[in-house]
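Below you'll find the structure, written out as structure tokens, and then a few comments.
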Amino acid sequence: MSLTFRPLSHALGAEIQGVDLGKPLSNSEFDQIHSKFLESGILLFRNQKITREQHIAFSRRFGELDRHDSLPRDRHPDYPELLLVTNIPEKDGKESASKYTGQQWHSDMSFTLEPSLGSLLRGITIPPVGGDTMFTNMYMAYDTLSDGMKKMIEPLHGVHTGRRKVTDRDTEREREQTRINPPIAQPLVRVHPETGRKALYIGEKVSSLVGMTEEESKPIIDYLVRHATRPQFVYRHQWRQDDILLWDNRCTMHIALGDYAEGEIRHLERTTVKGTPSGYYLQ
Ligand code: SIN
């Protein structure tokens, strides 16, 4: 199969053409995909009419898959390797547990001791307008900080929680998240284990910095998130049905914008590839 690549934006991302993920890939094809993944941070595969099993099988080529024990309400009942990102109501008519998933800048599973290497999200039902996802390049975010700021943040650790921003803090789901995912400290600067490059590791799931009060931490966190999400570092993805989007959680961050009409269905399914251990529980 001859593969071609098209850049998605100046900052990050490439579309791969000429691949059918429903068919087995040779090692040489996978190697090309893998090296483009490391170079671009995001890969887009359009028109992939694949099954859940094929989605899982392709994802496994990148590493062991998370079974989403830290997000039990959101996983597919029959496929624990699939995380539902859906606003389709539950069978009993209740609002979907994952309706607001991802609606804050984050890197997947940063609130666990095995933050994700990468995620593969499959667009199944996409609203006619909107439902976009934005991504940002965290190498660029780090590289463009001043030397003084780099030196200041190098030894700092952010406290990551599994809570979401847009929902009521007191729902059963949020209480469960606090119980099963106690806060975890992660370095603000991490070295990508495959490229050796430094990337900023921050986001809107970071509530404070270790050893500082929330009041002291907030201006630093807010500045770093604002800096990391400057438009020139960002790619905005407009979903189409049968898109598969793969991103590297070690050097990108993303946000689901929720920019679609109430009443429109948005249903996507995600596999999450486990990363290397990072972070520690706070005493
Ligand atoms: C996610 O954060 O994995 C979901 C992103 C999206 O729904 O666009």
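The values are calculated or read from the model by the stated rules, or taken from the named source; none is laboratory data. Predicted model only: the values in this text are computed from it and were never measured. Positions of Cβ are generated from backbone atoms using ideal geometry, with glycine treated the same way; all protein chains shown enter the neighbour counts. For accessibility, only protein heavy atoms count, side chains too; no ligands or nucleic acids. Shrake-Rupley method; radii C 1.70, N 1.55, O 1.52, S 1.80 Å.
Things worth noting here:
- Surface composition of the chain: carbon and sulfur atoms hold 51% of the protein heavy-atom accessible area at a 1.4 Å probe.
- Solvent accessible area, Å² - GLU39, 1.4 Å probe, full protein context: 130 Å²
- Label separation (SER26 vs LEU38): 2.1 nm, computed from points 7 Å beyond Cα along the C-beta direction.
- Candidates LYS91, LYS99, LYS150, ranked by Gaussian network fluctuation over the chain, Cα under 10 Å, top entry: LYS91
- Farthest toward the positive end of the dipole of the range 36-132, out of GLY131, SER96, THR51, is the Cα of THR51, where the dipole comes from beta carbon charges about the Cα centre.
- Dimensionless Rg/Rh of the chain - Kirkwood Rh, Rg from C-alpha atoms: 0.95
- Between THR51 and GLN232, the simple spin-label model (points 7 angstrom out along Cα→Cβ) gives 4.8 nm.
- Full extension of the segment from GLN241 to ASP143, taken as 0.36 nm per residue of separation minus the current Cα-Cα distance, would add 31.8 nm.
- Ranked from largest, the principal axis spans of the Cα set of the range 57-104 equal 36, 27, 18 Å.
- Around the amide H of SER208, modelled in the peptide plane, lie the amide H atoms of VAL159, all under 5 Å away and 5 or more residues distant in sequence or on another chain.
- Over the chain, accessible surface divided per residue gives 46 Å², non-protein components excluded, 1.4 Å probe.
- Rounded to the nearest 20, the Cβ-based charge dipole of the range 1-87 about its Cα centre (Lys and Arg +1, Asp and Glu -1) stands at 220 debye.
- Relative contact order [Cα under 8 Å, 6+ residues apart], the chain, whole percent: 33 percent
- Using the Karplus relation 6.51 cos²θ - 1.76 cosθ + 1.60 with θ = phi - 60°, the per-residue 3J(HN,Hα) values for the range 177-183 come to 4, 5, 6, 8, 10, x, x Hz, with x marking Gly and Pro.
- For ASP259, the residues whose modelled amide H falls within less than 5 Å of its own, excluding neighbours fewer than 5 places apart on the same chain, are GLY131, ASP132.
- Gyration tensor (alpha-carbon) shape descriptor, the range 138-244, a/c threshold 1.5: oblate
- In this structure, ILE88 and GLU176 have a Cβ-Cβ separation that, at R0 = 22 Å, corresponds to a calculated FRET efficiency of about 0.60.
- For the chain, size of Cβ-based charge dipole, Lys and Arg +1, Asp and Glu -1, in debye: 260 debye
- Accessible-area value, HIS34, 1.4 Å probe, nucleic acids and ligands omitted, Å²: 50 Å²
- Ordering THR144, LEU82, SER116 by the projection of their Cα atoms onto the charge dipole of the range 1-156, which places +1 on the Cβ of Lys and Arg and -1 on the Cβ of Asp and Glu, puts LEU82 at the extreme positive end.
- Measuring nothing but how far apart in sequence close Cα pairs (under 8 Å, 6+ apart) lie, relative to its length, the range 1-115 scores a relative contact order of 15 percent.
- Lys, Arg +1 and Asp, Glu -1 on Cβ, resulting dipole of the range 178-283 about Cα centre, debye, nearest 20: 400 debye
- Ranked order, ILE180, ILE42, ILE255 - accessible area, probe 1.4 Å, largest first: ILE180, ILE255, ILE42
- The simple Förster model, with R0 at 25 Å and r as the Cβ-Cβ distance, assigns SER2 and THR276 a FRET efficiency of 0.15.
- 5 angstrom amide H check on ILE88, placed H, neighbours 5+ away: ARG266
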